[in-house]
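Undergrad: The structure's right below; bear with me while I get my questions together.
The values are calculated or read from the model by the stated rules, or taken from the named source; none is laboratory data. Quick caveat, the model's predicted, so the values are computed rather than measured. Every residue, glycine as well, gets a Cβ built from its backbone with ideal geometry; the counts of neighbours run over all protein chains shown. Areas reflect the complete protein model, heavy atoms only, side chains present, ligands, DNA and RNA absent. Shrake-Rupley method; radii C 1.70, N 1.55, O 1.52, S 1.80 Å.
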Amino acid sequence: MSLQRLALSRIRGTLPGNPACMGCPHNIGLKIVGRVLGERAVLVIPAGCSTIISGFWPREGFDLPILHVPFASAPAVAAGLRASHEASGVDSIVVVWSGDGAAADIGFATLSGAAVRNDDILVIVSDNEAYMNTGIQASGTTMWRALTTTTPVMGKTEERKDLALLMLMHRVPYVATASIAYPTDFAAKLEKAASIRGFRFIHLHSPCPPGWRFDSDKTVYVAKLAIETGAWILWEYSGGKLSINPVSRPYADKAKRKPLAEYLKLQGRFAHLREEDIKAIEEKIEANWRLLKELERIYSG
Amino acid sequence: MARRVLMGNTAVAEAVRLAGVQVVTAYPITPQTVIVERIAEMVERGELKARYIRVESEHSALALVYGAAAGGARAFTATSSHGLLYMYEMLWWVAGSRLPIVMAVVTRSIGPPWGLHSDHHDALTVRDTGWIIGFASSVQEAFDMTLQAFKISEDRRVMLPAMVALEGFTLSHTAEPVEMPDEKSVSEWLPPREPLPFKIEPGKAFAVGNTGPDEVTMELKWLAWRAMERSRFVIRETDLEYAKRFGLRSYGGLVEDVYAKGSDYVVVAMGAWCGDLKEAVEKLRGEGYRVGLLRIRYFRPFPWEELREVSQNAKAVLVIDRAVSIGHRGILGLEVSSAIGDRVPVKNVIAGIGGVDTGPEDFYSIVKTFIEEYESGSIEGWSIPEWYMPWMGVVSK
């Protein structure tokens, strides 16, 4: 897989001049979705940043067919849309392009229901770890201690939920994590998902410049550091086999990871952290690695 | 034409089968459940070539049929009470998107306390959403109205979702003989859905439902309002056409007039209990009272023209309500008053909330009291709910 293969489709996903913030990770993710899934893709988008990025009528920020839907409804709408395509013999990949609020919080029951039914849809959660569109409020995937406008002084006091692992436990055919900093890895996962029928889930890590408070030219850099410090792990589950991907593999070894502070210090949302907080996050990351390594052993195909 | 004895719920399921629905989904709630259980059975037995999808909530049920309708499929769902309330957000979205969908609402009271029996709060609570709302009063009508709902909803002049309300248990679980047209003649009358110009499928790059200037929101609302106005004609036309084509009776469009036109006293009501109300009206007429019943068949669009016409020469109007807007009056009473204005005095009575039994004798005495009050001149309080809006059947009074 090379980057050149991304040019297979003439579909660009998002178009120049759309109203996304500078350095927006969704633009990067959507471009890859457009190039890889191309003419077969139909997007269902619940309320969130991408509602805005899609543009203000009569202009359009995407070159894909899009159905905008209420916050908690997207996977169910997508299942119905796909059922209608099946009934009329239309070849389509119905994609839910969702944020973390819609997927992990308000629409979690809807997501879970679609997974249990093994509906023939692909759900991509572009996770910027808070309710960014409404102005940076804490969500179910916001990191512990991160400052948001609803956790303004101490930072978030609760743990974040691991959405991809929750979806894995729904026993669906395909689950993967991805990062906007690794387009070839994400593209390969999209291609793989497109070749499978049934419920497919990709959890895309999407650092948000205004929400995490880092410079807008550093989106990819921050996303890359998340991988290199082991804070975000790329893995894939398919056909009964879970594997930690080559990009993340080296960081299974704690000694090979970059210091976590390098990742955290770039982000204003962690500016208030004390030494012991950083240590505690490091321990959480290590616990996550232990869990994934164990899952890789259990789901060894 | 076949004649079968069916419960209301089964009759609705038969109408869905005859309509050739392609996608069906629902979340279980009493007393609606039998409709979708029966449809699930039809699908598994191959009597209906459709996808039956078991969702995890009513919100998702309506979301799913919305997606199916956006892709061009004929779709159906059903619910009751709290289920309908749980759909509330999606009700607006579906109507605002101008997609044809049919939903049966088997009416049931809203808690607390939990109760299974009928009143009209659930269906009337959603009156502003942009759905066509019909109220059946017999099993035959539940069948006819469901089948006609597809035709009306999909009509290019309308393109609005349609709700068929039928009373929980009184209709849903009561068996009556039903005349059913055969599959072939129904499919000639109701062919597969016409493709939409804005069908969502791959390769067509455009967005539905995205943001826009304020004027667009207002314009879309106006277009929906205008379509609802046009639906009056389509409902009347469909009622007549259906009756003629299948040799069944026409109900009279948005209302059913039982001696109302030309009577001194007009009683207005809705739903299954109109059968008992008819009995009471017949009895009173036998005693020489010039009274008639105007049964509301469609609450949206609201039949204000019919109401004005019928009440034009009437002395007084009585509205018997099965739902109340707390802080104001009965919901139907409010609508009737707004339609006929101050021309005629209107009395509003609340009854049958939570399924409290109201039979022919009750109606007889409610209507008789109303006429006697008018004739003795004691009507000044009719329009002041704080001190005069009788609640029939309230125990603690």
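Undergrad: For B:LYS199, list the aspartates and glutamates whose Cα falls under 18 Å from its own Cα; do not include residues on the same chain fewer than 8 positions away.
TA: Reachable aspartates and glutamates: A:GLU39, A:GLU60, A:ASP63, A:GLU86, A:ASP91, B:GLU154, B:ASP155.
Undergrad: So for the pair A:LYS241, A:THR184, with labels modelled 7 Å out along Cα→Cβ, what separation do we get in nm?
TA: If labels sit at A:LYS241 and A:THR184, their model points lie 2.0 nm apart.
Undergrad: Still on this structure, I have one more. Using amide H atoms built in the peptide plane, which far-off residues or other-chain residues are under 5 Å from B:VAL319 H to H?
TA: So B:VAL319 has HN proximity to B:VAL268, B:LYS347, B:ASN348, B:VAL349.
Undergrad: Which whole-Hz couplings ³J(HN,Hα) result when phi for each residue of region B:264-270 is put into the Karplus expression 6.51 cos²θ - 1.76 cosθ + 1.60, θ = phi - 60°, listed in order with x for Gly and Pro?
TA: Ordered by residue, 3J(HN,Hα) equals 6, 10, 10, 9, 10, 7, 8 Hz.
Undergrad: Where the only charges are on Cβ atoms (+1 Lys, Arg; -1 Asp, Glu), what is the dipole of the protein assembly as shown about its Cα centre, to the nearest 20 debye?
TA: Numbers: 78 positive and 81 negative charges, 482 e Å.
Using Cβ point charges on Lys, Arg, Asp and Glu, the protein assembly as shown gives about 2320 debye.
Undergrad: Specify the residue with the greatest mean-square fluctuation among A:SER98, A:SER50, A:SER112, computed from a Gaussian network of chain A linking alpha-carbon atoms under 10 Å apart.
TA: Looking only at A:SER98, A:SER50, A:SER112, the biggest GNM fluctuation is shown by A:SER112.
Undergrad: In square angstrom, what is the accessible area per residue of the protein assembly as shown with a 1.4 angstrom probe? Don't skip to the end; give the middle numbers.
TA: Numbers: 27070 Å² over 698 residues.
Per residue, the protein assembly as shown has 39 Å² of solvent-accessible surface.
Undergrad: Count the net charge of all other residues whose Cβ sits under 11 Å from the Cβ of A:SER238, scoring Lys and Arg as +1 and Asp and Glu as -1. Walk me through the intermediate numbers first.
TA: Details: positive: A:LYS189, A:LYS192, A:ARG200, A:LYS241; negative: A:GLU236.
Combined, the nearby Lys, Arg, Asp and Glu give +3.
Undergrad: If R0 is 41 Å, what FRET efficiency do you get for A:ALA109 and A:ARG59 from their C-beta distance, rounded to 0.05?
TA: Working: r = 34 Å, r/R0 = 0.83.
Calculated transfer efficiency: 0.75.
Undergrad: Can you tally the net charge around B:LEU293? Count Lys and Arg as +1, Asp and Glu as -1, for every other residue whose Cβ sits under 9 Å from the Cβ of B:LEU293.
TA: Details: positive: B:LYS278, B:ARG295; negative: B:GLU256, B:ASP257.
Spelling it out: positives minus negatives among the neighbours equals 0.
Undergrad: Apply the Karplus parameterisation 6.51 cos²θ - 1.76 cosθ + 1.60, with θ equal to phi minus 60°, to every residue of region B:121-136 and state each ³J(HN,Hα) to the nearest whole Hz, in sequence, with x for glycine and proline.
TA: Taking θ as phi minus 60°, the curve returns 4, 4, 5, 7, 5, 9, 5, 8, 7, x, 8, 6, 10, x, 10, 7 Hz for region B:121-136.
Undergrad: Over all distinct Cα pairs, what is the inverse of the mean 1/r for region B:2-246, reported as the Kirkwood hydrodynamic radius in Å?
TA: Working: mean 1/r = 0.0555 Å⁻¹.
Averaging 1/r across every pair of different Cα atoms and inverting gives 18.0 Å.
Undergrad: Going 7 Å from the Cα of B:LEU223 in the Cα-to-Cβ direction, what parts of region B:144-177 have a backbone nitrogen less than 20 Å from that spot?
TA: B:152-162
Undergrad: Quote the charge dipole size of region B:2-246 about the Cα centre in Debye, to the nearest 20; the model charges only the Cβ of Lys and Arg (+1) and of Asp and Glu (-1). If you can, show how the numbers build up before the last one.
TA: Values: 26 positive and 30 negative charges, 107 e Å.
Roughly 520 debye for region B:2-246.
Undergrad: Could I ask something else about it? Compute for chains B and A the buried accessible surface, both sides summed, probe 1.4 Å, and express it in Å² to the nearest 100.
TA: Numbers: alone 16970 and 12880 Å², together 27070 Å².
The contact between A and B buries close to 2800 Å².
Undergrad: How large is ³J(HN,Hα) for each residue in region A:241-250, as worked out from phi by the Karplus curve 6.51 cos²θ - 1.76 cosθ + 1.60 (θ = phi - 60°), to whole Hz, x for Gly and Pro?
TA: Karplus values, whole Hz, x for Gly and Pro: 10, 10, 9, 6, 6, x, 4, 8, 3, x.
Undergrad: Next up: Run the reach check for B:LYS347 against lysines, Cα to Cα strictly under 28 Å, same-chain hits fewer than 8 apart removed. What comes back?
TA: In chain and number order, the partners are B:LYS261, B:LYS278, B:LYS283, B:LYS315, B:LYS368, B:LYS397.
Undergrad: Quick one: which residues, 5+ away or cross-chain, put their amide H under 5 Å from the amide H of A:PHE56? H built at 1.01 Å from N.
TA: none
Undergrad: Tell me the volume per residue, in Å³, of the convex hull enclosing the alpha carbons of the protein assembly as shown. It would help to have the intermediate numbers written out before the result.
TA: Details: hull volume 119.6 nm³, N = 698.
Looking at the protein assembly as shown, the number lands at 171 Å³ per residue.
Undergrad: Something else now. Carbon and sulfur: what percent of region A:3-298's accessible surface (1.4 Å probe)?
TA: Values: 6340 of 11130 Å².
Heavy-atom surface of region A:3-298 belonging to carbon and sulfur, 1.4 Å probe: 57 percent.
Undergrad: From the residues B:GLY355, B:MET270, B:SER337, which one has its Cα farthest along the dipole of region B:255-376 in the positive direction, the dipole being from +1 and -1 charges on Cβ of Lys/Arg and Asp/Glu about the Cα centre?
TA: B:SER337
Undergrad: Another question about this same structure. In whole Å, largest first, what are the principal axis extents of the Cα atoms in region B:255-376?
TA: Dimensions of region B:255-376 along the principal axes of its Cα atoms: 35, 32, 28 Å.
Undergrad: Between A:GLU275 and A:SER216, what length in nm is gained on full extension when 0.36 nm per residue of separation is reduced by their alpha carbon distance? Don't skip to the answer; put the middle values down first.
TA: Numbers: separation 59, 0.36 × 59 = 21.24 nm, distance 2.65 nm.
Stretched fully, the A:GLU275-A:SER216 segment lengthens by 18.6 nm.
Undergrad: Please tell me which of these pairs span more than 24 angstrom C-alpha to C-alpha: A:LYS192/A:LYS258; A:LYS31/A:LYS218; A:LYS192/A:LYS218; A:LYS218/A:LYS293?
TA: A:LYS192/A:LYS258; A:LYS192/A:LYS218; A:LYS218/A:LYS293
Undergrad: While we're looking at this one, here's another question. Scan around B:ARG51 for amide H atoms under 5 Å from its own, H built in the peptide plane at 1.01 Å from N, and keep only partners 5 or more places away or cross-chain.
TA: Excluding prolines and chain starts, which carry no amide H, the hits are B:VAL23, B:VAL24.
Undergrad: So, one more: Run the simple label-point estimate for B:VAL395 and A:LYS161 please: 7 Å along Cα→C-beta, distance reported in nm.
TA: 4.2
Undergrad: Sticking with this structure for a sec: Testing the spin-label approximation: label points 7 Å from Cα along Cα→Cβ at A:MET154 and A:LEU291. State their distance in nm.
TA: 2.2
Undergrad: Using the C-alpha gyration tensor of region A:3-298, what are the square roots of 5 times its eigenvalues, in whole angstrom, with the largest one first? Before the final figure, lay out each step's value.
TA: On the way: eigenvalues 168, 96, 65 Å².
Working from the Cα gyration tensor, I get semi-axes of 29, 22, 18 Å.
Undergrad: Assuming R0 = 45 Å, what is the FRET efficiency of B:ALA243 and B:ARG54, from their Cβ-Cβ distance, to the nearest 0.05?
TA: Values: r = 37 Å, r/R0 = 0.81.
E(calc), rounded to 0.05, equals 0.75.
Undergrad: Students often forget the sequence filter, so: which aspartates and glutamates lie under 13 Å Cα-Cα from A:LYS265 once same-chain residues fewer than 8 apart are removed?
TA: Straight-distance partners of A:LYS265: A:ASP215, A:GLU275, A:ASP277.
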